[in-house]
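One structure is given here, and the rest of the page talks about it.
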Amino acid sequence: MSEKILDGHPDAPLGAGLAQRSLSEKLVDQGELFWGALKQAPDSFKAAGQEALSKPGDTALMTAASFGLGAAVAVLSKRPDLLGQTVKPLIENTLHNGGKVLSGTALVDLTGKTVAPSYAVWKDPGKLESSQALLGSRLGRGAFDYGLNLSSGAAGFLSVSRLGHAGLHPSAIGAGFEGLHRQGEALKQLPASVKAENFLGRGGNGAVYKLDFSDDFVVKVPEFKTKTPVLGELEKVDDIMPGSNIGQPVAKMGDYLILKKQNGFPAGSPDARSRRAMSPEAAEAVYARSIQESAALPQSAYDELAVLMMQLEKRGLQFDPSKPGNILIDSAARRFNLVDISPTSAVRPHKHTVSDMIVPLVDNYFTGSVLSDKGLKYRPQLAEIITKATKAARNASMHPAHEGDSSLRYSYQLAGLKPP
C-alpha cells in the first residue's frame with residue numbers, strides 16, 4: 001500500500017482532510033463564524049438583561065461602582081493635583097489619553113473573547129456551529145455589560161461636571177471658612193508665604209500668592225494703601241457664593257485677605273508692573289501662551305464660561321472684564337475660571353455680554369498697542385477665540401453687545417474679522 005494517505009480513505013487519520021483546506025476556504029469559514037455570531041448576539045444581549053433584572057443587588061453594585069468611577073474621573077479632570085503634585089503630571093497625561101486607553105482596553109478584551117472561537121474554526125470547520133454560539137454569547141453579553149458600565153460611568157462624570165457649570169469645584173467642598181479654620185497653627189505662618197516664588201497675579205488693589213500650607217486657598221495682600229501689611233486674628237468674611245468656587249474671599253487676618261483657590265494661569269499679557277521687570281520677548285511669550293491655550297480650549301470651555309457669567313448676574317454679582325488676568329486658563333481641566341468677582345451695582349447692574357469674554361481674552365491693549373505688528377501672527381488664534389465665544393454667548397442667551405462697543409469692534413479688527 002502506498003505511504004501516501006488519501007483524504008477520505010477509511011484508514012485516514014482524523015483531520016487529514018482538514019489540513020488540505022485552502023486559505024480562501026478558511027477565510028470563508030471565518031466570515032460565516034462572525035456573521036452567525038452577530039445574528040445570535042441580540043438573543044444573548046436580551047438574556048444578559050433578564051439576568052441583570054433577576055439579580056438587582058449585583059446589578060446595582062456594578063452600576064454604582066461605574067457611576068463612582070465616572071464621578072472620580074470628573075473630579076480629577078478638574079483637580080489633577082488632589083492626589084499630590086508628584087502624580088499630577090501622570091494623572092493629566094492619563095486623562096488626556098483616556099479615550100485611547102479605554103479603546104485599547106476594550107479592543108484587547110474583545111480580541112481575547114474572539115480568538116478562541118476563531119482559532120477553533122480555523123483548525124476544524126466542524127466546530128463552526130458551536131463556535132458561533134459561543135462567540136454570539138460573548139458579543140451579546142459584552143455589549144450589555146459595556147453599555148451598562150459606560151452609561152453609568154457617563155452619568156457619574158456628567159453629574160460632577162455639571163457642578164462646574166455653576167462654578168462649583170471639588171476644591172470648594174470643605175474649603176470654606178470651616179476648612180480654613182482647621183489649618184490651626186499653620187495660619188500664623190501666613191506672611192511667610194508672601195514671597196516671589198509664590199506670586200500668582202496682581203489686581204487693582206493687591207497681589208495674590210500661593211500658601212505654603214494649603215492647596216485650597218490663596219492670600220491677597222494690599223500693595224498701595226498698606227505698605228507693610230499687619231497680621232491679625234482669623235475673621236470670617238461673608239461668602240458671596242457659598243458652596244461654589246469663584247475665587248471669593250472667605251476670611252481675613254488683619255490686612256491679609258484669604259481667598260478660595262482657583263486653578264489656571266492669568267489670561268492675556270503680564271500686568272504693566274510685571275512687564276517692567278522682564279524683556280519684551282518674555283512678555284510676548286506669556287501673551288502667546290495665553291492666546292494659544294485659549295484658542296485650543298474646546299467649545300465646552302467657552303460654553304461653561306458664558307453660563308457662569310449669566311449665573312453670577314442672576315445672583316447680583318459681576319465679573320470685571322477690564323483686566324484679562326481675571327480670567328484664568330485651566331489647561332489641565334480644559335476650562336476657564338474666574339476671579340475678582342464683586343457685587344453688581346444696584347442702580348446700574350452689569351449685564352454680561354460676549355464682549356466680557358472676547359475683550360479680556362484677546363487683550364486689546366497688549367495686542368494693539370504693545371506688539372509692533374498688532375498681533376498679526378496671532379490672528380488665527382484670535383479669530384478662533386472670537387468664534388467660540390460668540391457661539392457660547394448665543395447658546396447661553398447672553399445679553400446682546402452694547403451698541404457702539406468700541407472695545408469689541410477693536411477685538412474683531414485685531415483678529416482680521418469684520419465687526420458685527
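For the stretch 172-260, relative contact order (Cα pairs under 8 Å, six or more residues apart, normalised by length) works out to 27 percent.
The label point for Ser372 and the one for Glu178, both projected 7 Å from the Cα toward the Cβ, are 5.9 nm apart. The phi torsions of the stretch 313-329, fed into the Karplus equation with coefficients 6.51, -1.76 and 1.60 and a -60° offset, translate into couplings of 4, 5, 9, x, 10, 8, 9, 9, x, 5, 10, x, x, 6, 9, 9, 9 Hz, rounded to whole numbers, with Gly and Pro shown as x. In terms of Cα atoms, the Rg and Dmax of the stretch 347-400 work out to 13.2, 42 Å. Here the extension length gained between Tyr146 and Ser130 equals 3.3 nm, from 0.36 nm per residue of separation less the Cα-Cα distance.
Cross-link reach is defined here as a Cα-Cα straight distance under 20 Å, omitting same-chain residues fewer than 8 places apart; for Lys418 the aspartates and glutamates meeting it are Asp356, Asp363, Asp373, Glu384, Glu403, Asp405.
Average projection, convex hull of the Cα set of the stretch 185-241: 4.7 square nanometres.
Taking 17 Å as the straight-line reach from the Cα of Lys127, the aspartates and glutamates in range (excluding those fewer than 8 positions away in the same chain) are Glu25, Asp29, Glu32.
I'd like the GluC sites (Glu not before Pro) in the stretch 212-271 restricted to DSSP loop residues with at most 16 other Cβ atoms within 10 Å, sorted by number.
Answer in residue order: Glu223, Glu233.
The residues packed around Arg275, meaning those with a beta-carbon under 13 Å from its beta-carbon, carry a net charge of -1 if Lys and Arg are +1 and Asp and Glu are -1. The length gained by stretching the chain between Glu281 and Leu69 to full extension, at 0.36 nm per residue less their Cα-Cα distance, is 71.9 nm. Fully extending the segment from Asp58 to Ala116, taken as 0.36 nm per residue of separation minus the present Cα-Cα distance, adds 18.1 nm.
How do 299-311, 56-68 rank on mean C-beta neighbours within 10 Å, highest first? Provide the component values of the computation, followed by the final result.
On the way: 299-311: 21.2, 56-68: 13.5.
Per-residue mean Cβ counts within 10 Å order the peptides as 299-311, 56-68.
List the pairs from Lys220/Lys377; Lys195/Lys377; Lys188/Lys236; Lys210/Lys388 whose alpha-carbon separation is above 24 Å, in the order I gave them. Walk me through the numbers on the way to the answer.
Working: Lys220/Lys377 36 Å; Lys195/Lys377 36 Å; Lys188/Lys236 16 Å; Lys210/Lys388 31 Å.
Among Lys220/Lys377; Lys195/Lys377; Lys188/Lys236; Lys210/Lys388, the Cα-Cα distance tops 24 Å for Lys220/Lys377; Lys195/Lys377; Lys210/Lys388.
Taking amide H as placed 1.01 Å from N in the peptide plane, the amide H of Leu317 sits under 5 Å from that of Thr344, each at least 5 places away or on another chain. Ignoring lysines fewer than eight residues from Lys123 along the same chain, the ones with Cα atoms less than 29 angstrom from its Cα are Lys4, Lys26, Lys39, Lys113.
FYI, it's all coordinate maths here, none of it is from the lab. This is a predicted model, so every value here is computed, not measured. Note: ideal-geometry Cβ built from the backbone for every residue, glycine included; neighbour counts use all protein chains shown.
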